[in-house]
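Student: One structure, pasted below without further comment.
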Amino acid sequence: MLSPVRLVSEAAELAAHRHNGMARKGRGNEPYINHLAEVANLLATATDGADAELVAAGWLHDTIEDTATTREELAQKFSERAASLVVECTDDMSLPKAERRRLQIVDAPKKSAGAKLIKIADKISNIGARIQTDPSAEERDDLADYAGWATKVVAGCRGGNPWLDEKFDDAVKAARALL
């Protein structure tokens, strides 16, 4: 087993390599790795750095969904728990977007405590990326749609970390101020 610092550092490195060249939605096509760093940092802050596997999974939460990375690879390189957390946060990309969104709402309450925290951190980051100065009508619509849906997902994830719950509420409040 890797030391906690190496676990997080190697997860960040793998995430950076696997997402190389990808851009995130919102915020002017910033590198996708910024999203993963933000999620991992939210998790590190929420747990006061006490859960390296959770932070590593935060770095890796989109690798199976967005790249050719496999669960087996993550379990071998990091840990069984980190790999399981990533799998819990992975959407079935063969399904239509509307169905993936519906399943996130339905499945959220059934997730492990760690996966719930990753989901909340992911939604905080994604809402923040959609908050723009002087948004267009299309950007406002996207923000309203995403924040409304994310609120339904997070409703099934709350209660594991009051600080993260509050950060989510703050993100939604900031989003709604622009609508």
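Student: Can you give me the three principal axis dimensions of the stretch 35-117 from its C-alpha atoms, in Å, biggest first?
Tutor: 36, 25, 23 Å, listed from the longest principal axis down.
Student: Might you report the magnitude of the Cβ-based charge dipole of the chain about its Cα centre, with Lys and Arg at +1 and Asp and Glu at -1, to the nearest 20 debye?
Tutor: I would put it at about 340 debye.
Student: Another one. With just the Cα atoms defining each centre, how far is the stretch 1-78 from the stretch 107-179? Give it in Å.
Tutor: Measuring centre to centre over Cα atoms gives 19 Å.
Student: Taking 0.36 nm per residue of separation and subtracting the Cα-Cα distance, what length does fully extending residue 110 through residue 139 add? Don't skip to the end; give the middle numbers.
Tutor: Working: separation 29, 0.36 × 29 = 10.44 nm, distance 3.17 nm.
Computed gain between residue 110 and residue 139 is 7.3 nm.
Student: Normalized C-alpha radius of gyration of the stretch 105-179, against 2.2 N^0.38 Å?
Tutor: Working: Rg = 12.4 Å, N = 75, 2.2 N^0.38 = 11.3 Å.
Normalised Rg, Cα atoms only: 1.09.
Student: Between residue 50 and residue 173, 0.36 nm times their residue separation minus their Cα-Cα distance comes to what? Mind dumping the intermediate values first?
Tutor: Working: separation 123, 0.36 × 123 = 44.28 nm, distance 2.86 nm.
Result for the pair: 41.4 nm of gain on full extension.
Student: Of 25/77; 77/119; 152/173; 116/152, which pairs sit farther than 21 Å apart, going by alpha carbon to alpha carbon?
Tutor: Numbers: 25/77 29 Å; 77/119 23 Å; 152/173 15 Å; 116/152 13 Å.
Checking Cα-Cα distances, 25/77; 77/119 exceed 21 Å.
Student: Ok, one more. Once every DSSP H run of n ≥ 4 in the chain is given -39500 (n - 2.57) and the sum is divided by its residues, what mean residue ellipticity at 222 nm do you get, rounded to the nearest 500 deg cm²/dmol? Kindly include the intermediate steps, with their values, before the conclusion.
Tutor: Numbers: 10 runs with 122 residues, N = 179.
So the calculated ellipticity at 222 nm is -21500 deg cm²/dmol.
Student: Starting with the fewest neighbours, write out 93, 22 ranked by other beta-carbon atoms found within 10 Å of each beta-carbon.
Tutor: Values: 93 10, 22 15.
Final ranking by Cβ density, sparse to dense: 93, 22.
Student: Dipole of the stretch 41-92 (Lys/Arg Cβ +1, Asp/Glu Cβ -1, origin at the Cα centre): which of 86, 67, 44 lies farthest to the positive side?
Tutor: Ranked along the dipole, the leading option is 44.
Student: Which loop trypsin sites (Lys or Arg not before Pro) in the stretch 15-56, with loop taken from DSSP, have no more than 15 other Cβ atoms within 10 angstrom of their Cβ?
Tutor: Here the trypsin sites (Lys or Arg not before Pro) that fit, given the DSSP loop and packing criteria, are 25, 27.
Student: Something else about it: Quick check on the stretch 4-177: what are the equivalent-ellipsoid semi-axes from the Cα gyration tensor, as sqrt(5λ), descending, whole Å? Kindly include the intermediate steps, with their values, before the conclusion.
Tutor: Working: eigenvalues 118, 62, 53 Å².
The equivalent ellipsoid of the stretch 4-177 has semi-axes of 24, 18, 16 Å.
Student: While we're on this one: Can you give the extra length, in nm with one decimal, that the chain gains between residue 34 and residue 94 once fully stretched, where that is 0.36 nm per residue apart less the Cα-Cα distance?
Tutor: Working it through step by step, the gained length comes to 19.0 nm.
Read-outs throughout are calculated quantities, based only on the coordinates presented, and are distinct from any laboratory measurement. Model, not experiment: these values are computed from the prediction. All Cβ positions, glycine included, derive from the backbone under ideal geometry; neighbour counts span all protein chains shown.
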